[in-house]
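Here is the structure we will look at, set down as structure tokens.
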């Protein structure tokens, strides 16, 4: 019995250690992929929430134009410096990546937003436009064969920026909105 123990070279031990090492590498690689996929999923979720928060800010800005702005003095409160996020004709900022554009005083803070998301917007007046397009009149006939009058509306550019809790992701949504002030 003693001689059989002396003839063993330990091959089974070496093979089992190699198999264990290969399995460890496979598990660690799979774990790394799972963590990467988890981070990507979280980033996509945060991006979607930021976009939805920006859309919510856009709805709030449009309600501000329709409901609040007429009581504040209408187009008379728009300025070239964007006082409180209200810019006069052709005075709105064009570089939305500049952090100074989104500072207090030159933008408005949206109220109805997702928790932890900073949503701000500004409104730029583009002037009054005829709905007929390019100054042409609208000639819709009513039941009495009389043409309808031109409809003139005040047009606004609304730009909303939503930033996540840690500053990323950032989504910017721009829209044109018309109202009769």
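The values are calculated or read from the model by the stated rules, or taken from the named source; none is laboratory data. This is a predicted model, so every value here is computed, not measured. Heads up, the Cβs are rebuilt from the backbone with ideal geometry, glycines too, and the neighbour counts pull from every protein chain shown.
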### Message
Tell me whether region 129-139 contains one or more residues that are modelled with pLDDT of 75 or more and surrounded by 14 or more Cβ atoms within 10 Å (Cβ to Cβ).
### Response
yes
### Query
For region 160-181, how many residues are part of a strand (DSSP E or B) and under 10 Å from the mean Cα position of the chain (by Cα)?
9
### Message
Out of everything in region 111-122 that is modelled with pLDDT of 90 or more and touching a helix residue (DSSP H, G or I) at 6+ places or on another chain (Cβ under 6 Å), what residue ends up being farthest from residue 48 (Cα to Cα)?
### Response
122
#### Entry: Verdict on residue 63 being under 24 Å from residue 174 (Cα atoms) and surrounded by 10 or more Cβ atoms within 10 Å (Cβ to Cβ)
yes
### Enumeration of residues in region 140-181 that are modelled with pLDDT under 85 and surrounded by 15 or more Cβ atoms within 10 Å (Cβ to Cβ)
181
